[in-house]
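Undergrad: Below you will find the structure I want to go over with you.
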Amino acid sequence: MATGVLQRVSGGLGRAKSGAHSAGQLAVGFATSSCRNREDSWFKSLFVRKVDPRKDAHSTLLTKNEESNLYKIQFHNVKPECLDAYNKLCEDVLPSIHADKYYPCELVGTWNTWYGEQDQAVHLWRYRGGYPALTEVMNKLRQNKDFTAYRKERGKMLLSRRNQLLLEFSFWNEPVPRTGPNVYELRTYQLRVSGAFVCRARAVRYRQQNREAVGGFFSQIGNLYMVHHLWAYKDLQSREDTRNAVWQQEGWHEVVYYTVPLIQHMDSRIMIPTKASPLQ
């Protein structure tokens, strides 16, 4: 009798185990299928996305449509022992190009970096007429023997150089000559996405009340998704006071909260204008 009871219990446990095993397999099957469906859905989302139709590039939406100014910014890393000679060479050549109406370009400003990358010169040019004006200037300068000699002599003084072509933001005023003395700050932002341009536009409107805003630009050729803001201050203390005061404006905290995560990298240069610079 005891043996019969044990056999019945053992049989019941076996059937229970078998049922649990089958249920487990079924659950795993459902889970695996569900997981696979989610993976398929996620994978398809990488390729099948609803994209809002656009008729204009970001550059068309953000820049001044009524004008077609193109800007070129140059960064020249100069041999430390050659910086004075380099500045003198630039003072002898660059203003003559700026003043000559034969060339459709203007020297907006030229500086030496004070804090940031040392022994560096920064030049900002404006080409009225966009890319055709840039091409015209390049072709004419190739025929200019004085400029060719300048480039050859300049090459002996440089460690490296790079440049970018820029457009100006529609919500910034065009850079115009100003008297000094001033120190200038070039703040450069490497953005994560192109939509961040609009967020940076919201930030700038808080900083246009004390004439410290000089110009705002975004890259077209060179490092992309890059923004440059150029500011002018009486001195470094004035810069500190101005930047602290903006935190007292309503809404600034919210702007910072939403825009900072969109920035991949940022850099600040404090620059001193050279004698040849229209921005003093």
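Undergrad: Find the centroid of the Cα atoms in region 240-280 and in region 72-93, then give the distance between the two in whole Å.
TA: Distance between centres, Cα-based: 26 Å.
Undergrad: Could you give the length gained on full extension between ARG178 and LEU236, defined as 0.36 nm per residue of separation minus the Cα-Cα distance, in nm?
TA: Contour length minus the Cα-Cα distance gives 19.1 nm.
Undergrad: Given a Förster radius of 25 Å and the C-beta distance between ALA149 and LYS79 as r, what FRET efficiency does 1/(1 + (r/R0)^6) yield to the nearest 0.05?
TA: 0.85
Undergrad: Among the listed pairs LYS88/LYS140; LYS88/LYS152; LYS79/LYS156; LYS88/LYS275; LYS101/LYS140, which have their C-alpha atoms separated by more than 18 angstrom in this model?
TA: Too far apart for the 18 Å limit: LYS88/LYS140.
Undergrad: Could you list which residues have their amide H under 5 Å from that of GLN264, counting only those 5 or more apart in sequence or on another chain, with H placed in the peptide plane?
TA: Placed amide hydrogens put GLN190, LEU191, ARG192 under 5 Å from GLN264.
Undergrad: Let me ask another. Quick one: what do you get for region 96-197 if you divide its Cα Rg by 2.2 N^0.38 Å?
TA: Relative to the 2.2 N^0.38 Å estimate, region 96-197 comes out at 1.25.
Taken together, the values in this text are just the output of simple stated rules run on the coordinates, not laboratory data. Just so we're clear, the structure is a prediction, and the values are computed from it rather than from any experiment. Cβ coordinates were reconstructed from backbone atoms using ideal geometry, including for glycine residues, and neighbour counts include every protein chain displayed.
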